[in-house]
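Participant: Please read through the structure below; I'll follow up with questions.
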Amino acid sequence: MERAVPTSPTAANRSCENLECYMVLMQAEKTAIGSICFLAGPFTLLENALVLGVIAATATLRRRPTYLFIASIALADVFASCFFTTSFLDFHLFQHSDGPTAYLFKLGGVTMAFTSSVGSLLLTALDRYLCIHQASSYKVLLTRRRALLCLLILWSATIFISFLPLMGWRCPTGLTPPCSRLFPYINHGYLACWTSFTLVLLTLILCAYALILWKAHRHESSMTSLQGAAGTGHARMRMDIRLARTFGLILLILVGCWLPALSFMLADVSVILTHTQQRAFAFCGTLCLVNSAVNPLLYALRCRELRVALLQLLQRLCVIGRCKKTTQDLPPGIHFTEEISCTAITEHEIPANGTMQLHSVSEMVNN
């Protein structure tokens, strides 16, 4: 049965003495949300750790700004899978009440992970924007050093913003304004600022992809008018549709996962949420974790070069495993010779077309 909402400030503060007014999930809802977290959490951790491992083990990928941004997304999503899953389950399912410092530290870790993830998505969108709008000077504008500087600024800013409540921008326990009904100890002013900041990041991502589509359409239209071939129009239409579908899928998942939770946060600033709305927000919060699980599939594993590097890394591991097994099976006194020694694939064997300079928007999309 749903708890009654206290009508007086004194009763509200008494009901929130152990943060019970924030633990509003029913048993069936605990089971559903717990299942989502137990499935999505480890899956998100494993796939993002795999992306980080492939980029770290491949020198050609580590030198390119695009894959540095993808590695930043994967690192943020690794943190999100760890911090969000453990803190969310500990608070809502096991109803463990921490003190203000411990709770705000955990919440700061979750906020840092999700903010860095969205910020890294923005850097990836801007990287693709520069690649198409400034194709001739792209390598000069976005060097590896500048990419690392952008990531340093991003992570420094998100860490500072995320731990502001721990540094003092908080409110006392209770439902009396300006305390949030979604997060204990969180001030309405801070919640409004963080939500607005995240909405600005999402808006910039939408604008970047819209400009990419506009530039690609103009480029292919000019190529069609110059070539004048009948089949080129059909090829342009196929390329435009493919590009629109790709970016549409990215934006649909991004907005669909983030907009519900951000809407509840904005509502929390302006109105007093009921327990039903608090429970709905708990489900919307898990969508942010689902977005972190989908990010590697959209941004990393769709890249042909990263898939090639992953296959080569798996081949190396298989070769090393065969070498160790052969060594163990050899009789004593027999050693390897040059004819039976195992050799791993080197970085120089990556296909040359992976590093080939792109000359058209179609080739950019395909690669």
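The values are calculated or read from the model by the stated rules, or taken from the named source; none is laboratory data. Here the structure is a predicted model, which is why all the values come from computation and not from measurement. Counting neighbours? That spans all protein chains shown, and the Cβs are built from the backbone with ideal geometry, glycine included. Ligands, DNA and RNA are excluded from the accessible area calculation, which covers all protein heavy atoms including side chains. Shrake-Rupley method; radii C 1.70, N 1.55, O 1.52, S 1.80 Å.
Participant: Working carefully through the options Thr86, Thr58, find the one that is polar (S, T, N, Q), modelled with pLDDT under 90 and surrounded by fewer than 16 Cβ atoms within 10 Å (Cβ to Cβ).
Facilitator: Values: Thr58 fails: surrounded by fewer than 16 Cβ atoms within 10 Å (Cβ to Cβ).
The unique qualifying residue is Thr86.
This table checks each residue for (1) closer than 13 Å to Ala282 by Cα; (2) among the aromatic types (Phe, Trp, Tyr); (3) in contact with a Ser or Thr (Cβ under 6 Å, 6 or more places away or on another chain).
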{"position": "Ala57", "(1), (2), (3)": "no, no, no"}
{"position": "Leu61", "(1), (2), (3)": "no, no, no"}
{"position": "Ala80", "(1), (2), (3)": "no, no, yes"}
{"position": "His92", "(1), (2), (3)": "yes, no, no"}
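Participant: How about the range 190-211: which of its residues are surrounded by 15 or more Cβ atoms within 10 Å (Cβ to Cβ), of a type in the set (Val, Ile, Thr) and either at pLDDT below 75 or within 13 Å of Leu251 (Cα to Cα) (or both)?
Facilitator: Once the filter is applied, which keeps residues that are surrounded by 15 or more Cβ atoms within 10 Å (Cβ to Cβ), of a type in the set (Val, Ile, Thr) and either at pLDDT below 75 or within 13 Å of Leu251 (Cα to Cα) (or both), the range 190-211 yields only Ile205.
Participant: Could you list all residues from the range 118-142 that are open to solvent by 50 Å² or more (accessible area, probe 1.4 Å) and either closer than 20 Å to Ile186 by Cβ or polar (S, T, N, Q) (or both)?
Facilitator: Gln134, Ser136
Participant: Could you say whether any residue in the range 22-35 is under 15 Å from Cys179 (Cα atoms), open to solvent by less than 80 Å² (accessible area, probe 1.4 Å) and modelled with pLDDT of 75 or more? First the steps, then the outcome.
Facilitator: Within the range 22-35, the first condition is being under 15 Å from Cys179 (Cα atoms), and the residues that meet it are 22.
Now narrow it down to the ones that are open to solvent by less than 80 Å² (accessible area, probe 1.4 Å): 22.
Of the ones still in play, those that are also modelled with pLDDT of 75 or more are 22.
Yes, some residue in the range 22-35 is under 15 Å from Cys179 (Cα atoms), open to solvent by less than 80 Å² (accessible area, probe 1.4 Å) and modelled with pLDDT of 75 or more.
Participant: Could you run through the range 72-83 and say how many residues are surrounded by fewer than 22 Cβ atoms within 10 Å (Cβ to Cβ) and closer than 16 Å to Ala147 by Cβ? Lay out the reasoning, then the answer.
Facilitator: First, pick out the residues of the range 72-83 that are surrounded by fewer than 22 Cβ atoms within 10 Å (Cβ to Cβ): 75, 78-79, 82-83.
Right, trim to closer than 16 Å to Ala147 by Cβ and you get 75.
Count: 1.
Participant: Now a separate question. Kindly indicate whether Leu252 is out of contact with any helix residue (DSSP H, G or I) (no Cβ under 8 Å at 6 or more places or on another chain), modelled with pLDDT of 85 or more and not polar (S, T, N, Q). Step through it out loud before you land on a result.
Facilitator: On the way: out of contact with any helix residue (DSSP H, G or I) (no Cβ under 8 Å at 6 or more places or on another chain): yes; modelled with pLDDT of 85 or more: yes; not polar (S, T, N, Q): yes.
Yes; evaluated as a whole, the condition is true for this residue.
Participant: Scan the range 133-147 and report the pairs whose first residue is hydrophobic (A, V, I, L, M, F, W, C) and whose second residue is assigned to a loop (DSSP other than H, G, I, E, B), with Cβ atoms within less than 8 Å and a gap of 6+ or a chain change.
Facilitator: From the range 133-147, the pairs are Ala135/Leu358; Leu141/Gln134.
Participant: Tally the residues that are of a type in the set (Gly, Ala, Ser), surrounded by fewer than 17 Cβ atoms within 10 Å (Cβ to Cβ) and at pLDDT 90 or above, restricting the search to the range 143-187.
Facilitator: Our first condition is that a residue be of a type in the set (Gly, Ala, Ser); within the range 143-187, this holds for 147, 156-157, 162, 168, 174, 180.
Okay, now just the ones that are also surrounded by fewer than 17 Cβ atoms within 10 Å (Cβ to Cβ), so 156-157, 168.
Filter again for at pLDDT 90 or above, leaving 156-157.
Qualifying residue count for the region: 2.
Participant: State the number of residues belonging to the range 302-323 that are outside any helix (DSSP H, G or I) and surrounded by fewer than 17 Cβ atoms within 10 Å (Cβ to Cβ). Full working, then the answer.
Facilitator: Taking the range 302-323 and keeping what is outside any helix (DSSP H, G or I), we get 302-303.
Then drop every residue that is not surrounded by fewer than 17 Cβ atoms within 10 Å (Cβ to Cβ), which leaves 302.
Number of matching residues: 1.
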